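Below: the structure, in structure tokens.
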Amino acid sequence: MKKIWIIGAGPGDPDLITVKGLKLLNKADVVMYTDSLVSETLVAEAKESAEIIRTAGMHLEEMVDCIVERVNAGKTVVRLHTGDPAMYGATMEQVALLKQHDISCEVVPGVSSVFASAAAVGAELTIPDLTQTLILTRAEGRTPVPEREKLQALASHHCTIAMFLSATLTKKITKELQAAGWADNTPIAVVQRASWPDQKIVRTTLSELDEAMRVNGIRKHAMILAGWALDPHIHEKEYRSKLYDKTFTHGFRKGVKAND
């Protein structure tokens with residue numbers, strides 16, 4: 001069966017593509033990418049003879065027709081997606097149409113902007129005895145979210161929340177998290193263009209979020225990380241995992257008594 005490769009390009013830094021993804025990019029006859037989101041430096045890793053197609057201005061059917069034409073001509077096609085294709089990548093709809101043309105897709109995962117953002121601020125998003133859950137979501141804007149996934153409902157778990165595609169919705173975020181019982185001083189880290197050379201980091205609190213975004217001129221390409229795992233002083237507190245506790249026994253190490 002004919003197929004294409006959908007590759008996670010990573011969050012921006014061209015070095016954050018996987019080795020597998022880079023090898024496929026190097027071999028591709030055709031490279032399609034969203035030119036507003038994927039690094040030109042990474043695209044330049046394609047072979048000199050590769051056809052490079054920018055897709056930011058294309059609608060779904062145009063992209064699929066473009067892919068079908070080239071695959072049927074016997075060419076190896078790679079579709080570069082920003083971050084990881086599984087997160088807000090709009091891949092499902094591409095796959096569905098390509099299947100109608102008997103073309104399958106192999107997905108190569110990539111580094112998501114949520115993890116590049118956590119790395120940028122030096123945060124562990126799951127802290128023992130504080131939070132062990134990370135919710136990946138977005139605030140509701142022009143595109144609705146299912147009723148049971150409204151931000152206030154998700155925030156009721158009081159765990160770490162990472163919000164994609166929400167930089168223009170900070171008033172809504174503040175209102176819904178406060179309605180879920182979040183304290184005004186809950187730490188928030190915003191990372192704009194994570195891992196790009198012009199990356200910007202803003203540390204703020206829930207009640208100051210909207211003003212911090214306004215002052216810093218952040219309206220797009222930003223990841224919002226919220227919750228007490230983002231406390232800038234978290235390293236000074238006594239949260240410790242069982243994994244490295246000397247009294248804890250697991251399959252690779254026998255624990256010792258506390259007084260040993």
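The values are calculated or read from the model by the stated rules, or taken from the named source; none is laboratory data. Note that the structure is a prediction, hence the values are computed from the model and not measured. All Cβ positions, glycine included, derive from the backbone under ideal geometry; neighbour counts span all protein chains shown. Side chains included, ligands, DNA and RNA excluded: accessible areas come from the protein's heavy atoms. Shrake-Rupley method; radii C 1.70, N 1.55, O 1.52, S 1.80 Å.
Restricting attention to region 106-115, does a residue exist that is part of a helix (DSSP H, G or I), among the hydrophobic types (A, V, I, L, M, F, W, C) and crowded, with 17+ Cβ neighbours inside 10 Å? The answer is yes; a qualifying residue exists. Within region 18-52, if we keep just the residues that are open to solvent by 20 Å² or more (accessible area, probe 1.4 Å), out of contact with any Pro (no Cβ under 8 Å at 6 or more places or on another chain) and β-branched (Val, Ile, Thr), the residue that is nearest to MET92 (Cα to Cα) turns out to be THR34.
Just one of the numbered conditions (1) part of a loop (DSSP other than H, G, I, E, B); (2) free of Cβ contacts under 8 Å to residues at least 60 places away in the same chain; (3) in contact with a Phe, Trp or Tyr (Cβ under 9 Å, 6 or more places away or on another chain) is not true of LEU42: (1). Screening the candidates GLY141, GLY122 for the property of being more than 30 Å from LYS237 (Cα to Cα) and of a type outside the set (Lys, Arg) yields one hit, GLY141.
Matching residues to (1) among the hydroxyl-bearing types (Ser, Thr, Tyr); (2) under 23 Å from LEU177 (Cβ atoms):
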site: MET87; (1), (2): no, yes
site: LEU98; (1), (2): no, no
site: SER104; (1), (2): yes, no
site: VAL107; (1), (2): no, no
site: GLY110; (1), (2): no, no
site: ALA119; (1), (2): no, no
site: ILE127; (1), (2): no, yes
site: LEU130; (1), (2): no, yes
site: LEU134; (1), (2): no, yes
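Scanning for something among the charged types (D, E, K, R) and either assigned to a strand (DSSP E or B) or closer than 25 Å to PRO144 by Cβ (or both), does region 14-33 turn up at least one residue? Within region 14-33, none of the residues are among the charged types (D, E, K, R) and either assigned to a strand (DSSP E or B) or closer than 25 Å to PRO144 by Cβ (or both).
For region 195-212, filtering for residues that are open to solvent by 20 Å² or more (accessible area, probe 1.4 Å), among the small types (Gly, Ala, Ser) and under 26 Å from ASP13 (Cβ atoms) leaves 1. Taking the condition of being under 17 Å from VAL31 (Cβ atoms) and surrounded by fewer than 15 Cβ atoms within 10 Å (Cβ to Cβ), how many residues in region 66-104 meet it? Residues meeting the conditions: 3. Residue count for region 213-232 satisfying the condition of being small (Gly, Ala, Ser) and surrounded by fewer than 19 Cβ atoms within 10 Å (Cβ to Cβ): 1.
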